[in-house]
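S.K.: Below are the structure tokens for one structure; questions will follow.
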């Protein structure tokens, strides 16, 4: 597989270019406020638990409760974002998050916040985040030009990490002076700001939503696409092998601050601020660095830096050294995730973008949630130092795999929608719900072209399965040497019409054209529907 490499033809957009688009700029600033509120809440929730028994596990469970809903709900949320108006969905979810933040505030003020209830409300907040992420990620390619997507992804990481630097610092000051309740209250205000920005936003070219797919069918279609897309699976693996060991840094940092470094809430906020500053610097330098290094070289360097950071944070109880180690950790974090996230946005076609990004978020959040729990349990049993060293070892192993599973090169891949199949000429129109539908395509291929034809049809198979085929096969009649019959099954007639009308891309078209060039004449296509779904003899009699 050809892998990503930098070159003059691939010059990245300026890091700030997307902010020149007013709609993106306004929403980015509002989301920054919401991200700051989210980090303030995380710090507040963790600090409420720091003095309980089994604090290692409870503090780690805050991150697990925040991220587990993404693991459980991201794909259904992606279905909703692909089938309904994303702006309206985002507004409704932000109002729900405001309500959850207000509940956290009132219960904390009245001193009715046991650990179980705190984790439950944190989980509810995570539900709202899970519903937000796919819709927002799918909106970004509609807000900025394609050439600015990598810069927009880096700006998204900068937003998160500015929030990671500012939110904990503000939360630390507030907790030290006024307690945790004001932190939760400010989080409610932050999400009101994001809601207001969404209400004011009027998309210039509102996305036309076709008749929504049935929920279960849309869910299966998204799963099929990921299952049969080697590129998406490669990107998911790269995310997962980085996030699982990296989650130890976030999950156990409050305990490092309190137990190994003797810091209070303000000191913990300072540690998170160092991580955030490193990530901001990494995001700003990413465009410049990407012009000089390939994406896979960046992955290798980032993995080594994070390994060193984990080792220092876990093993060296010296505040200045830990602060210095957290700076490159932040840079490495944004480098890996901004690259992988941008590649996903560039590769996924619009019809399944939210669902594909949701699967990415499942891997990202699931890796963090499960990793946080594992590292928390290991720290309780074996101690913080051993937990961090184990995470550093796993990170190093994962970094080596970047040479085995490198990022693919997407610069020459045509992802534009392509409705190139000929118009259907049918004796009757089946109902969209009728299925399954069996499609057969008969090709005539000369014997000397057989082997290259089989290779070309393997690419066609991938396109059919990504866009709707449940089963696919290529057969040849035993009675002749130059006929091949492609057979594939689609769940319903409506699903097949979606293949015709928007699911195929320029890359799919190129694959099919390569196969067609090796055949004689036009292929013969038949669509077989269940016999009961066809016109009956009485129907024909009445029509005469």
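S.K.: Among the candidates 379, 391, 427, 387, which residue alone is closer than 25 Å to residue 236 by Cβ and either outside any strand (DSSP E or B) or in the same structural domain as residue 129 (by TED's automatic domain parsing) (or both)?
M.R.: Details: 379 fails: closer than 25 Å to residue 236 by Cβ; 427 fails: closer than 25 Å to residue 236 by Cβ; 387 fails: closer than 25 Å to residue 236 by Cβ.
Exactly one of 379, 391, 427, 387 is closer than 25 Å to residue 236 by Cβ and either outside any strand (DSSP E or B) or in the same structural domain as residue 129 (by TED's automatic domain parsing) (or both), namely 391.
S.K.: Return the only residue of 328, 406 being part of a loop (DSSP other than H, G, I, E, B), touching a residue at least 12 places away in the same chain (Cβ under 8 Å) and either in the same structural domain as residue 139 (by TED's automatic domain parsing) or in contact with a strand residue (DSSP E or B) (Cβ under 6 Å, 6 or more places away or on another chain) (or both). Lay out the reasoning, then the answer.
M.R.: Working: 328 fails: part of a loop (DSSP other than H, G, I, E, B).
Checking each option against the conditions leaves just 406.
S.K.: Can you find a residue in the range 80-88 that is in contact (Cβ under 8 Å) with a residue 60 or more places away in the chain and under 27 Å from residue 244 (Cβ atoms)?
M.R.: Yes, the conditions are met somewhere in the range 80-88.
S.K.: Return the residues of the range 17-62 that are more than 25 Å from the chain's Cα centre (by Cα) and not in a helix (DSSP H, G or I); say none if nothing qualifies.
M.R.: 50, 51, 52, 53, 54
S.K.: Let me ask you something else. Identify all residues within the range 260-273 that are assigned to a helix (DSSP H, G or I) and modelled with pLDDT of 85 or more; write none if there are none. Spell out the reasoning first.
M.R.: Here is the first cut: in the range 260-273, the ones assigned to a helix (DSSP H, G or I) are 260, 265-273.
Those that are assigned to a helix (DSSP H, G or I) and modelled with pLDDT of 85 or more: 260, 271.
S.K.: With the requirement that a residue be in a loop (DSSP other than H, G, I, E, B), surrounded by 14 or more Cβ atoms within 10 Å (Cβ to Cβ) and in contact with a helix residue (DSSP H, G or I) (Cβ under 7 Å, 6 or more places away or on another chain), what does the range 433-443 give you? Outline the logic, then answer.
M.R.: Of the range 433-443, the ones in a loop (DSSP other than H, G, I, E, B) are 433-436.
Checking which are surrounded by 14 or more Cβ atoms within 10 Å (Cβ to Cβ) leaves us with 434-436.
Listed by number, the residues that qualify are 434, 435.
S.K.: Please tell me if residue 111 is part of a loop (DSSP other than H, G, I, E, B), at pLDDT below 85 and assigned by TED's automatic domain parsing to the domain that holds residue 323.
M.R.: Answer is yes for this residue.
S.K.: Take residue 94 and decide whether it is in contact (Cβ under 8 Å) with a residue 40 or more places away in the chain, in a helix (DSSP H, G or I) and farther than 27 Å from residue 252 by Cβ.
M.R.: Numbers: in contact (Cβ under 8 Å) with a residue 40 or more places away in the chain: yes; in a helix (DSSP H, G or I): yes; farther than 27 Å from residue 252 by Cβ: yes.
Yes, satisfied.
S.K.: If you don't mind, another one. Please enumerate the residues belonging to the range 345-355 that are surrounded by 24 or more Cβ atoms within 10 Å (Cβ to Cβ) and either within 14 Å of residue 239 (Cα to Cα) or more than 10 Å from the chain's Cα centre (by Cα) (or both).
M.R.: 348, 352
The values are calculated or read from the model by the stated rules, or taken from the named source; none is laboratory data. In this text the structure is predicted, and so the values were computed from the model without any measurement. All Cβ positions, even for glycine, are placed from backbone atoms using ideal geometry, and neighbour counts span all protein chains on display.
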